[in-house]
1. Please enumerate the residues belonging to region B:187-217 that are under 18 Å from B:Leu108 (Cβ atoms), modelled with pLDDT under 95 and away from chain A (no Cβ under 14 Å).
2. Considering only region A:106-124, how many residues are assigned to a strand (DSSP E or B), surrounded by fewer than 24 Cβ atoms within 10 Å (Cβ to Cβ) and under 14 Å from the mean Cα position of the chain (by Cα)?
3. Between a residue in region A:346-371 that is within 11 Å of A:Val291 (Cα to Cα) and any residue that is β-branched (Val, Ile, Thr) and modelled with pLDDT under 95, which pairs come within a Cβ distance under 7 Å, given they are 6 or more apart or on different chains?
4. Which one of B:Ala70, B:Ala6 is surrounded by fewer than 19 Cβ atoms within 10 Å (Cβ to Cβ), more than 9 Å from chain A (Cβ to nearest Cβ), free of Cβ contacts under 8 Å to residues at least 12 places away in the same chain and not in a loop (DSSP other than H, G, I, E, B)?
5. Does at least one position in region A:208-219 carry a residue that is surrounded by fewer than 24 Cβ atoms within 10 Å (Cβ to Cβ) and hydrophobic (A, V, I, L, M, F, W, C)?
6. Residues to consider are A:Val205, A:Val159; find the one that is surrounded by fewer than 22 Cβ atoms within 10 Å (Cβ to Cβ) and under 24 Å from A:Ile337 (Cβ atoms).
7. Which members of region B:218-241 meet the condition of being within 12 Å of another protein chain (Cβ to nearest Cβ), within 22 Å of B:Asp173 (Cα to Cα) and either of a type in the set (Phe, Trp, Tyr) or over 15 Å from the mean Cα position of the chain (by Cα) (or both)?
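The values are calculated or read from the model by the stated rules, or taken from the named source; none is laboratory data. Note that the coordinates shown come from a computational prediction; the quantities given were computed from them, not determined experimentally. So basically every Cβ, Gly included, is an ideal-geometry build from the backbone, and we count neighbours across all protein chains shown.
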Number of protein chains: 2
Amino acid sequence: MNPRVAAIEPSLIRTIAAKKKPGAIDLGLGEPTILPQQRFIDAAARWAAQHGVKYTVNAGDAALRERIAAHYAYPGMSEARNVCVTTGSQEAVYVAIKTLCDPARDELLVVDPSFPAYAKMAQLEGIAYRRVHMRAEEDFRYDVDAILDAIDRATRVLVIASPANPTGRVLHDADARRLAEGLLARRGPPVWVLQDEIYRELTYVDDPGSVARYYPHTVVANSLSKSNALTGMRIGWLLAPDGAIDSLIKTHAWVTSTASAFGQRVAYEIFGEPGAISEQSAWYRTQHARVTVALDASGLRYVPVDGAFYACVKLPNGTDSLAAALELVENRGVVAIPGRIFGDSLEGWLRISWVAPIADVEEGLRRIAAI
Amino acid sequence: MNPRVAAIEPSLIRTIAAKKKPGAIDLGLGEPTILPQQRFIDAAARWAAQHGVKYTVNAGDAALRERIAAHYAYPGMSEARNVCVTTGSQEAVYVAIKTLCDPARDELLVVDPSFPAYAKMAQLEGIAYRRVHMRAEEDFRYDVDAILDAIDRATRVLVIASPANPTGRVLHDADARRLAEGLLARRGPPVWVLQDEIYRELTYVDDPGSVARYYPHTVVANSLSKSNALTGMRIGWLLAPDGAIDSLIKTHAWVTSTASAFGQRVAYEIFGEPGAISEQSAWYRTQHARVTVALDASGLRYVPVDGAFYACVKLPNGTDSLAAALELVENRGVVAIPGRIFGDSLEGWLRISWVAPIADVEEGLRRIAAI
């Protein structure tokens, strides 16, 4: 068998989740708890009754690709041909990492704390990866200078998620611009930026930034999972400039052939209704305001939540986040994710998600504060 | 970028398809033309209205996995834990090849003529592959001795599709048993058989065989695409014994995370209704009888159609299948696929699919016979 598969460790998130007891407060969830907009699913079912559910071309339905490209309108990737529809943003990120890096010589640089998938995918592909740590003392804000300093000759792809999972930090517009300027000023072949913007619709700051606006060597990954409570629909996409998109589509074609045509039709309906992609954001803004009050009341140190639906809280006693998470799930009836799985810089912290009812979030925070 | 991606040549099927003119007879299609069973899609839409469309666990919904495992009931893989639900059989095959082979030393052996995806995936993963050719003189019937002789020390995975795309040949039960016996008699570490049975419900012989029934080191790939006219739903699965399934699920988890939960619900409904998986087979049997008459009337040499919805016809003049396919699409109003893309042994042949209306199939065959 493939030794790289064998070397990948089982997911700690699942180890924790498997210990969840009945009645426990679940602050481990990585997906919305509200329901999706059923009208789009029903419209797709009616469409299927008329047209069946056939293959689309590998890159996705042309009309959907046009709507996605036009909606984001990023410079150099605003045409239908710049879109590849994928099986969620997971496949989007996988295809991007696999395509953009030569395993024989290239390195992936991940801005930490980060979602573990980037490093796991690099491991699966035999691609070297390195982490540049944002600092706890600065509440894990994006430090553009540290990121630029960390890039070296082998770095081929820089992965940056904004809003970030787990920290909820957002790359501000001025920082996105400065990062782009720094990258453009480098000599040698350009470094690709893989901009993971799956939480794009969920921001609580005035000036969220996008490297894709300023830097032509950007590949964007996104999906309907979080914005439209459609995690299980598995519709994501890559946006990429002309020099990269054809290679990305080629890899995608051999990995999964096409994304679900049914899911693509749901997406086509969503992108056809102005505001539908951000309709559910209001729920998150209201919840965010309540959660901020609860975090303040908890007495716990926490990272300011600029976006997404997570909060990182510092353990009041000790630094072993796995031991704390196990104590919480086994004896205190709370599921929370140990910070260490997002990189060493988040050891000593827990990631909580706050899509549960607010009373549960409040009680969960009280129990965390009491350990 | 990844040089292995760059090295993969663009698809000749798509080159041909792109030249199709309005009004042309399309015998190039690789998917059913009948509509899917809408009742299952509607049931899934109702379920979504109640439950949303959330992530399932990576391997797929437990209740669906149980139904799939019980339906096929292959020895050693008849429990829910032996199933990994995937984004169509394309991802199933991709995950199997990627997981079972160590690119540093293992070789994939493909029984030719074959669907080009196996070789392309091996190329993408940097895995060595070799082809064992079934012989035109024997109408490309599965030659078990030739297959066993072709296996050498490096061979780790043997890919065999039955019914086969493009030849439509089926591995008969006695041959499946003999292949299993031959493999079991070998010394050294066992060779995995990857049994692609995506056309399993479409057979026109009495004794279709299955290596999985006789050989414990078999991994099975299948999907709803052809049996239920759901190519665009992207629901496939792997069945594998305990020693392999966990590794397959791990690879799947990092490539796409999960298959569509909506599609999984459609599958759950289908597997919950006895006979639903083979309900559409009757249409193919009727069409098969008509097509056999048309093939006989055409005067063309053709490969007996044991299964699937293709027929391979010998070019009446010359051997250049690409030139013939281009002539047909550019000047004769017929889309047909050049044999050479399925391996050297099918050069001089065309693959036609016969899911178009029978009058179109008849006229298409006349035009092919006339070139």
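1. If the condition is that a residue be under 18 Å from B:Leu108 (Cβ atoms), modelled with pLDDT under 95 and away from chain A (no Cβ under 14 Å), then B:Gly188 is the only one that fits.
2. Counting residues in region A:106-124 that are assigned to a strand (DSSP E or B), surrounded by fewer than 24 Cβ atoms within 10 Å (Cβ to Cβ) and under 14 Å from the mean Cα position of the chain (by Cα) gives 1.
3. Sorted first by the residue in region A:346-371, then by its partner, the pairs are A:Val355/A:Thr33; A:Ala356/A:Thr33.
4. Result of the check over B:Ala70, B:Ala6: B:Ala70.
5. No, every residue in region A:208-219 fails to be surrounded by fewer than 24 Cβ atoms within 10 Å (Cβ to Cβ) and hydrophobic (A, V, I, L, M, F, W, C).
6. The conditions single out A:Val205.
7. B:Ala240
Every residue, every condition in (1) within 19 Å of the chain's Cα centre (by Cα); (2) at the interface with chain A (Cβ under 10 Å from one of its Cβ atoms), yes or no:
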site: B:Lys98; (1), (2): yes, yes
site: B:Ala104; (1), (2): no, yes
site: B:Gly126; (1), (2): no, yes
site: B:Leu158; (1), (2): yes, no
site: B:Ala161; (1), (2): yes, no
site: B:Thr167; (1), (2): yes, no
